[in-house]
Amino acid sequence: MGLLHTTANFEVRTLAFQMPDRGGGPTGPRIRVGRPSRRVRTLLMTLAVLAVLAMAFVMFAGFWTDWLWYRSVEYSSVFTTTLWTKIGLFLVFGLLMAVAVGVNIWLAHRLRPPLSAMSLEQQSLDRYRMSVAPYKKWVLLAITALVGLIAGASASGQWRTWLMYVNGVAFGQKDPQFKLDVAFYAFDLPWYRFMLGFGFAAAVLSLIAAALTHYLYGGLRITSPGARATAAATGHLSVLLGLFVSLKAVAYWLDRYGLAVKSSDFKATDNWTGLRYVDANAYLPAKTILFCIAAICAVLFFATLWRRTWQLPVIGFGLMVLSAILIGGLYPAIVQKFQVEPNEQAKEAPFIAKNIDATRDAYDIDDAQVDDYTGKSTETDDAKLRTDADAAASYRVMDPNVVSPAFQQLQQKRNYYQFPKTLDVDRYKDPDGKEQDTVIGLRELNVEGLPKRNWINDHFTYTHGYGAIAARGTTTGTNPGGSPDFTEAGLPSSGQLGTYEQRIYYGEKTTQYSIVGGPQKELDYEEDGEKTTSYKGDSGVSLANAFNRAAYAVSFSEPQILYSGAIGEGSRVLYNRTPKERVEAVAPWLTIDGDAYPAVVDGRVQWVVDAYTTTNGYPYASRTTLGDTTADSLTTNQRAVVAQQNQVNYIRNSVKATVDAYDGKVRLYEWDTKDPVLKTWRKAFPGTVKSRGDIPTELMDHLRYPQDLFKVQRELLTRYHVEDPAQFYSGSDAWQVPDDPTNKEPGAVPPYYLSMRMPGQDAQKFSLTTTFTPKGRPDLGAFMAVDADAASKDYGTMRLLRVTTTVKGPGQVQSELNGNDDVAEFVRNLKGTDSDIEYGNLLTVPLAGGFLYIEPVYTRGGTQNYPLLRKVAASYGSKIVFENSLGEALNAVFGVEDTGPVEPTEPPGDTTEPPATGDAALKKAIADAQKAYTEGEAALRKQDWTAYGTAQAELEDALRRAAAAQPKQGSGAGGGAAAEKPEGGDKPAGGADKATDEAGDKGTDQGS
């Protein structure tokens, strides 16, 4: 070994020998292998420092840009409150965990026994002790730092729980079991549970760390003969076990209150929450008994400090485990099996009653009015029915879920504009000052349609959309026929909305960032040449200084932001541009409705966003999953869904928010002034939510009842419209939300906004409506409407009409319509035109004891690849019709003539030839029918749908006149031709009848 060592040293030293140079000189440069030169070390240190600074800047950039954004929207208090709360929780709980684990490791090390006569087990651990000894302080710091960081990061995520706990406001309502305010369950209990979980984690980690330290230093022995633990180790670990069992006792006590908000499977309803019979009579006393046992067991563990033996604590712990199995598990199962199940309805009735009351209150459906409604018409006068139908509703034949392609085709103007797939319904006044249902959408920017994609075009030149487009919901336009009847159109837009700021910098489709206000001009719009503009708003974050530019270059992963000449003095970056993103950011404690809608208010386009306060801690109220409950047949691909999949059992539309489409300014307005959850958050974030009285009057005219809240409430009302516990348990009157019969994709029928008059009301009200069918059956079970006009004193009033007879449901009406001969013939005629039929919203309106169904029918394809209204279907009672217009459909379904203006009577002495009668009238009607048929065929070949509709109306009129002119068999003296006999025969002449039959058959074929 010594020889090898000497040889190695010799070889290393020879590397430093002088080497001859190439010129043959006696000496050359010395070659050294060893430490790097000072210059290299300096370079490496510089690179390391720069790398660390770069990493720090990357981490800091996200924080800095967030701060700049919150400051730009004037909600910096939200950022700072959230940040300091997270930092405080991180430091407090991280330090507590680090101290708990560190102190126990230090204490275990301090209590180590002297290592005199070591066993083989301890000798094998000696090398580990020796390797740790020089670095024990650093090892201790590393372990405590690691557990502290993990615990602190976990605790910082509980900032909402902490803020609700310290700012909680009383509900003023007590739970029926423990008589505690609901705030205890909503605000206090979640924090107590977090604290308990943290305590368990600290106790377990401390116990593990202490046990490992004791084992490493000989305080615990596994294989060595004699005592397994020293007295010091026994006392130390017993105290930690006593703390763990003490926390378990606290957990048993809190579990008693947790029963009031516990979810369980119960066949009476899904997502049952609250106590049932077995909970109140088995689990509740069991939890109390287990609490006492755990407390005694904890005392026994603490007593080990004096007794120095684990015999009694171990016995006590075993008793606690056995009791948990017998008392906490077996006994409730016995009670459920032998007491509850034989007479479950009677046993559970008081608890079902509590669940019904709590659920109806938590979802704000306790005031819903449920009235019986026959569903059968009580009016026999068809003319009066026709008149009442006009007053019953403003039938919206422009379906916002269908006509967006028509807006796109007729009003897009440029490929870089777009409309949402689902338009919105709002109310605007016509020139006469009368409010009308209006379909509206904004012409937003679509970067996918830019003529050339590059960084400058995407983010500097094309920065905004332009204008709102609106159309009447109850009428159609004439160019082309069946298109929307626009009340605001063009580029720039003009019409009934007046003068307003038309530039749309913030919208539902505006997801990319834009840099505005600098040297680079923006394209405003193209109409008779390009118009340019430069952003004049105060929105966005300034990029005037290099530090901000560097931060955003890192945050957006776009280095050009740092050095681009298109950015200069006045440049501002706009991002987080969708209304939902902005409201979620400034109010992270709110749940946002899936459908923001635009409104032109005081010369600006404002996005209106409904926001909810929620909790899952309302005792006895059944839970629901927002994402599932708010889904319908349109949410998959036509509008955003409430993203949260969390379960809640309390919800209020407590905030109405607006986002300015030009400058992005966010305003939050209090809406529900009684909501304790909102009051709690307003205490936590003072000054962020304005009072309800600050809502501008013009904005109030456009606020409406939110769709997602309505969907949640209607889903609950499928069961909770029943208030009798026995009937609720049996489920005999349970409803369901029917599938949308007009949509090929599966999904619940969406609710519809409609101005309508419910039974007993004097005038139409802007409402949100839906239908129900009995569970498992297709017929109509109930109809529901809520007053959706925020300016109405009856806003939010829910009315349900429970159908007491068998009435066709939406699916059955749609099936009958699909099988209607006129519809079938209409569809067949479309096959040669490359057009498809598309059904609009199937509207349901209560009328004179029955239900009137109205459905617009569109065609799409051919030379115009967008939907045009071609037909309107109507159904009332057993009759279903398919006509060219809404007026004709209403006339036909009630069997009355045109209710248009009455022609003035002729003055005396008028010599106008009277209309033909008898055979002459019949011949004229047949000729007119033939002419109308020919004109209709010609119009169909030209795809002139207006002329085709006119021809069909004329054909129908001719057939009606032919039928009226047909002689009646068996009439008296006035029987006319039908009573006459042909010459030379005894049988009545059948020529007229035959001609009429032929005309009718031929006309029917022509009409089809």
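The values are calculated or read from the model by the stated rules, or taken from the named source; none is laboratory data. Note that the structure is a prediction, hence the values are computed from the model and not measured. All Cβ positions, glycine included, derive from the backbone under ideal geometry; neighbour counts span all protein chains shown.
With the structure loaded, tell me whether Y563 is aromatic (F, W, Y) and farther than 28 Å from L53 by Cα or whether it fails that test. No, not satisfied. Being closer than 30 Å to A782 by Cα and of a type in the set (D, E) is a condition met by no residue of region 323-341. When E715 is tested against the conditions (1) buried (at least 18 other Cβ atoms within 10 Å of the Cβ); (2) over 16 Å from the mean Cα position of the chain (by Cα); (3) in contact (Cβ under 8 Å) with a residue 60 or more places away in the chain, the lone failure is (2). Applying the criterion of being surrounded by fewer than 17 Cβ atoms within 10 Å (Cβ to Cβ) and without any contact (Cβ under 8 Å) to a residue 40 or more places away in the chain to the residues of region 760-778, the residue that is farthest from T387 (Cα to Cα) is R777.
Please determine whether any residue of region 371-392 is farther than 30 Å from I293 by Cα, touching a Leu at 6+ places or on another chain (Cβ under 9 Å), surrounded by 19 or more Cβ atoms within 10 Å (Cβ to Cβ) and charged (D, E, K, R). No: zero hits. Condition test on T304, is it crowded, with 17+ Cβ neighbours inside 10 Å and polar (S, T, N, Q)? Yes. Check whether at least one residue in region 367-383 is assigned to a helix (DSSP H, G or I) and over 41 Å from the mean Cα position of the chain (by Cα), and report yes or no. Taking every residue of region 367-383 in turn, at least one turns out to be assigned to a helix (DSSP H, G or I) and over 41 Å from the mean Cα position of the chain (by Cα).
Going by what's in this entry, would D724 be described as at pLDDT below 90 and closer than 30 Å to N343 by Cβ? In short, no.
Remark: pairs (first residue in region 663-678, farther than 30 Å from G537 by Cβ; second residue of a type in the set (F, W, Y); Cβ separation under 6 Å; 6+ apart in sequence or on different chains) = P676/F171. Would you pick out the residues in region 816-850 that are closer than 16 Å to G877 by Cβ and not in a loop (DSSP other than H, G, I, E, B)? Within region 816-850, E816, L817, T844, V845, P846, L847, G850 meet the criteria.
Out of P867, P856, I need the residue that is in contact (Cβ under 8 Å) with a residue 24 or more places away in the chain, touching a Gly at 6+ places or on another chain (Cβ under 6 Å) and surrounded by 20 or more Cβ atoms within 10 Å (Cβ to Cβ). Which one? Steps first, please.
On the way: P867 fails: touching a Gly at 6+ places or on another chain (Cβ under 6 Å).
Just one listed residue meets the conditions, P856.
Does region 429-438 contain any residue that is within 21 Å of V403 (Cβ to Cβ), over 32 Å from the mean Cα position of the chain (by Cα) and in a loop (DSSP other than H, G, I, E, B)? Checked region 429-438: at least one residue is within 21 Å of V403 (Cβ to Cβ), over 32 Å from the mean Cα position of the chain (by Cα) and in a loop (DSSP other than H, G, I, E, B). In this entry, P342 passes the filter for residues that are exposed (fewer than 15 other Cβ atoms within 10 Å of the Cβ), out of contact with any Cys (no Cβ under 7 Å at 6 or more places or on another chain) and of a type outside the set (A, V, I, L, M, F, W, C).
Return yes or no: is G465 small (G, A, S) and closer than 30 Å to E698 by Cβ? Don't jump to the end; show me each part of the working.
Details: small (G, A, S): yes; closer than 30 Å to E698 by Cβ: yes.
Yes, satisfied.
Please specify each residue of region 674-703 satisfying the condition of being acidic (D, E) and over 25 Å from the mean Cα position of the chain (by Cα).
Within region 674-703, the first condition is being acidic (D, E), and the residues that meet it are 675, 694, 698, 701.
Listed by number, the residues that qualify are D694, E698.
Any idea which residue in region 83-121 is farthest from the chain's Cα centre (by Cα), counting only those that are hydroxyl-bearing (S, T, Y) and at pLDDT below 95? Steps first, answer last, please.
Keep residues of region 83-121 that are hydroxyl-bearing (S, T, Y), which gives 85, 116, 119.
Of the ones still in play, those that are also at pLDDT below 95 are 116, 119.
On the way: S116: 70, S119: 67 Å.
Among those that are hydroxyl-bearing (S, T, Y) and at pLDDT below 95, it is S116.
The requirement of being farther than 21 Å from L149 by Cα, more than 40 Å from the chain's Cα centre (by Cα), among the hydrophobic types (A, V, I, L, M, F, W, C) and surrounded by 15 or more Cβ atoms within 10 Å (Cβ to Cβ) is satisfied by A231.
Return a yes/no flag: does region 268-283 have any residue that is over 45 Å from the mean Cα position of the chain (by Cα) and assigned to a helix (DSSP H, G or I). Please lay out each step first, then the result.
From region 268-283, those over 45 Å from the mean Cα position of the chain (by Cα) are none; that's our starting set.
The answer is no, given that none of the residues of region 268-283 is over 45 Å from the mean Cα position of the chain (by Cα) and assigned to a helix (DSSP H, G or I).
Among residues of region 475-494 that are within 23 Å of E435 (Cβ to Cβ), those with a beta-carbon under 7 Å from a residue that is β-branched (V, I, T) and surrounded by fewer than 20 Cβ atoms within 10 Å (Cβ to Cβ) at least six positions away or on a different chain give the pairs D485/T475. Scanning region 558-574 for residues that are touching a Gly at 6+ places or on another chain (Cβ under 9 Å) and either modelled with pLDDT under 95 or more than 30 Å from D708 (Cβ to Cβ) (or both) returns A566, I567, G568, E569, G570, S571, R572, V573.
When the residues of region 261-314 are filtered to those that are among the polar types (S, T, N, Q) and in contact with a helix residue (DSSP H, G or I) (Cβ under 9 Å, 6 or more places away or on another chain), the one that is farthest from A621 (Cα to Cα) is T309.
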